[in-house]
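Comments concern the structure below.
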Amino acid sequence: MGLLSDIYHDSYYNCTIGNIPLHVDVLRTPEQQTKGYQGRSEPGPYEGLLFFYPATNKVGFWMKDVDFHLQLLAFDENDELFQIINMQPNSQMIQMINRPCSKVVEVQRYWCQRNKITLGVKIQFDDAAGVL
């Protein structure tokens, strides 16, 4: 089963990164954010998790108990992509985002390469009411 059947549907939002559509589950609480993809299925090609921070924060990520590769996309307060990190499965090494960010999206491995996403593209929300 894919990501859509794993979690509640009322936390989903549609967005685009560059011009690529993505369906994201928004993780707002520290508990949700600490868990991330633990216990979940690998995301599909147009699915991801959005870690939302109401104020820009310097944050780190790990892959404890996550059995598949992911890419992290870090966005600044202007919603511009400024860092891409490739994450290794089951790693407990913390990967720090290199500067404060307002949003981080986790997607499938090689997602940026497949979709020709580069630094500087923006994330935009189709249904932003309730996300921000």
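Values in this text are rule-based calculations from the coordinates and carry no lab data. None of these values were measured; they are calculated from a predicted model. Here the Cβ is made from the backbone with ideal geometry for all residues, glycine too, and neighbour counts use every protein chain on show.
So the values come out like this:
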read-out: Alpha carbon convex hull of segment 46-118, volume per residue in cubic angstrom; value: 85 Å³
read-out: Estimated dipole of the chain in Debye, rounded to 20 [Cβ of Lys and Arg +1, of Asp and Glu -1, Cα centre]; value: 400 debye
read-out: Among (1) -0.30, -0.44, -0.89; (2) -0.25, -0.37, -0.91; (3) -0.21, -0.33, -0.85, the entry derived from the coordinates for log10 I(q)/I(0) by the Debye sum over Cα atoms at q = 0.09, 0.11, 0.17 Å⁻¹; value: (3)
read-out: Length gained when the stretch ALA55-ASP67 is fully extended (0.36 nm per residue, less Cα-Cα span); value: 1.3 nm
read-out: In segment 1-102, GluC sites (Glu not before Pro) in a DSSP loop with at most 14 other beta-carbon atoms within 10 Å; value: GLU77
read-out: Within a Gaussian network of the chain (alpha carbon springs, distance under 10 Å), most fluctuating of LEU22, LEU72, LEU119; value: LEU119
read-out: Pair SER91, TYR12: separation of 7 Å Cα→Cβ label points (nm); value: 3.0 nm
read-out: Proximal charge balance of ILE123 [Cβ under 9 Å; K/R count +1, D/E count -1]; value: 0
read-out: Amide H partners (placed H, <5 Å) of ILE117, local residues excluded; value: none
